[in-house]
Amino acid sequence: MDIAGSHVALSRGQRSQPYPNILVSCQHETSFLSNQSDPAQPEPHRRSLCASPSSPGQGDPAIPHTHQHTWGSQKRVLGAKAIAPVERDFEREYGKLQQLEEQTRRLQKDMKKSTDADLAMSKSAVKISLDLLSNPLCEQDQDFLNMVTALDTAMKRMDAFNQEKVNQIQKTVIEPLKKFGSVFPSLNMAVKRREQALQDYRRLQAKVEKYEEKEKTGPVLAKLHQAREELRPVRDDFEAKNKQLLDEMPRFYHSRLDYFQPSFEALIRAQVGYYSEMQKIFGDLTQQLDQPGHPDEQRERENEARLSELRALSIVADD
């Protein structure tokens, strides 16, 4: 399955498409160490070193036994150098996905906090207007009652539009984020299977190298052949898992653009629609006010003057 096909069209009725097959299985096989020789087909110099020195035409008596150990040590160094670039490539690609997983989790959490705060704000505004309506001042001043009634109507309209906005964001942004984040456990499990395969591969490779360094007696050659036979399927299994991850992790990473772009566009549209309605609601509320609002400095002076009158009363005077 093409991992890049995880693009979804997000709108009010948005639905996500199936996730990439990297998150389902790692079954196909290929080779990742092209310079690794087939244990079943030894190279000429390996046959010479592995053969018994007494065998005519096979061994080279001029090659000391210590050189056989040196060759085995060099082989281990070459094997480590061959694996290192593969590991660097894997760690680089997997590191990108780990960062993407963390960013997705953080964004989902922040979006949830934002929508919860929006709902709390509009609900609080409605409660304040209701509390003002029940204030005794509204019974004594008809103009104030009319003003608070208009405010209560505006706050209820705002709350209704806010709820609609939150529902839209939940459907087009938060839920897709949650679905996208749900694929990472499967990805991480595939990585764990690769790591286990790598450990098995290294363990058996070390076993082969151990027998290659020993004196080539009949029993040792038999054990060497058996170790190579055990290594082959384990190596193939690791190479298959490694290749599939290296092939599909970059495709999965780049597919995030097609997946999230509709979500973010829907988020922007939801915000624009909401604040456009808020402009209309508070524009209507402004027209219903009998007098224009006082400047902040004038209102502060008036409040201080009234507060001074209250403080002059004997019941609030300092002892």
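Using a 1.4 Å probe on the protein chains only, how many percent of the accessible area of the range 235-317 belongs to carbon and sulfur? Let's see the in-between values first.
Values: 2920 of 5530 Å².
Its accessible area is 53 percent carbon and sulfur atoms.
For each pair in K96/K243; K192/K223; K96/K241; K113/K280; K96/K165, compute the distance between the two Cα atoms and list the pairs where it is over 25 Å.
K192/K223; K113/K280; K96/K165
Compute the length gained on full extension between Q196 and A305: take 0.36 nm times their separation in residues and subtract their Cα-Cα distance, giving the result in nm to one decimal. Show your work: numbers first, answer last.
Working: separation 109, 0.36 × 109 = 39.24 nm, distance 7.86 nm.
Roughly 31.4 nm would be gained on extension.
Normalise the Debye intensity by I(0) for the range 80-289, one equal point scatterer per Cα, no solvent, then take log10 at q = 0.08, 0.13 Å⁻¹ and round to two decimals.
Per q value, in the given order, log10 I(q)/I(0) is -0.54, -0.86.
Counting only the backbone N, which residues of the range 160-176 are under 18 Å from the spot 7 Å out from the Cα of C138 toward its beta-carbon?
It comes to 160, nothing else.
On alpha-carbon atoms, Rg over Rh for the range 110-154 using Kirkwood Rh? List each step's numbers first, then the result.
Numbers: Rg = 13.8 Å, Rh = 11.5 Å.
A ratio of 1.20.
On average, how much area does the Cα convex hull of the range 225-269 cover when viewed from any direction, in nm²? Don't jump to the answer; show the numbers that get you there.
Details: hull surface 13.9 nm².
Here the figure is 3.5 nm², rounded to one decimal.
The values are calculated or read from the model by the stated rules, or taken from the named source; none is laboratory data. None of these values were measured; they are calculated from a predicted model. For neighbour counting, all protein chains shown are included, and Cβ atoms are generated from backbone atoms with ideal geometry for every residue, glycine included. With ligands, DNA and RNA removed, areas are computed over all heavy atoms of the protein, side chains included. Shrake-Rupley method; radii C 1.70, N 1.55, O 1.52, S 1.80 Å.
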